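The values are calculated or read from the model by the stated rules, or taken from the named source; none is laboratory data. Note that this is a predicted model, so its numbers are computed, not measured. Note that each Cβ is placed from the backbone with ideal geometry, even for glycine, and that neighbours are counted across all protein chains shown. What goes into the accessible areas is simple: the full protein's heavy atoms, side chains included, and nothing from ligands, DNA or RNA. Shrake-Rupley method; radii C 1.70, N 1.55, O 1.52, S 1.80 Å.
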Amino acid sequence: ADYKHILVAVDFSSESRVVVNKALEIARRNKAGLTLIHVVEYTGAVYAGDIPLPEDLELDQRLADQAKGQLKAMTEELGIPDAAQVVEIGVPKREIVRMAVERKADLIVIGSHGRHGLQLLLGSTANGVLHLSECDVLAVRVGKKRS
Ligand code: AMP
């Protein structure tokens, strides 16, 4: 079956380009749409009950703006339009899966590992997406192969 819309998760680690290039290649072959997502994961938030304190919300927003710039630079180079880039704030695995539903993606392309270390067989975000997603997930092998 052909894929119609591909969501690619970008964490700006050094291997991100490998993951994006693979997604681009699959999108071209399937004549599919493409969305790139980066999730700002701000773990240092101080909560008053369930509500994050105002200064933390501002920091999240600043980080999101910075990420938008980084994503724009990456996509400009690759000729990907603005509408194909999204930055969300939250828990990466949840936001990635939510965006896949929102954009009706039928394939999520993700790195096998990102910034959360190579000691695991599959990174925690990649693993979480695989568990939560209802569509196909391609984990692009990045980093050294385990022997
Ligand atoms: P990890 O599971 O964190 O080692 O990362 C594996 C892959 O998940 C990365 O190569 C990215 O494709 C994706 N990923 C991790 N963190 C994020 C993030 N904050 N935003 C978007 N994608 C992410």
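When LEU36, LEU63, LEU78 are screened for being within 24 Å of GLU102 (Cβ to Cβ) and open to solvent by less than 20 Å² (accessible area, probe 1.4 Å), only LEU36 passes. Among the residues of this structure, GLU102 does not count as one that is near the ligand (Cβ under 10 Å from one of its atoms) and closer than 21 Å to VAL129 by Cα. When SER147 is tested against (1) modelled with pLDDT under 95; (2) assigned to a strand (DSSP E or B), just one condition goes unmet, and that condition is (2). The residue pairs whose first member lies in region 70-90 and is under 12 Å from THR35 (Cα atoms), whose second member is open to solvent by 30 Å² or more (accessible area, probe 1.4 Å) and in a helix (DSSP H, G or I), and whose beta carbons are closer than 7 Å, counting only pairs six or more residues apart or on different chains, are GLN85/LYS72; VAL87/LYS68. When LEU107, LEU7 are checked against the criterion of being among the aliphatic types (A, V, I, L, M), away from the ligand (no atom under 11 Å from the Cβ) and surrounded by 12 or more Cβ atoms within 10 Å (Cβ to Cβ), LEU107 stands alone in meeting it.
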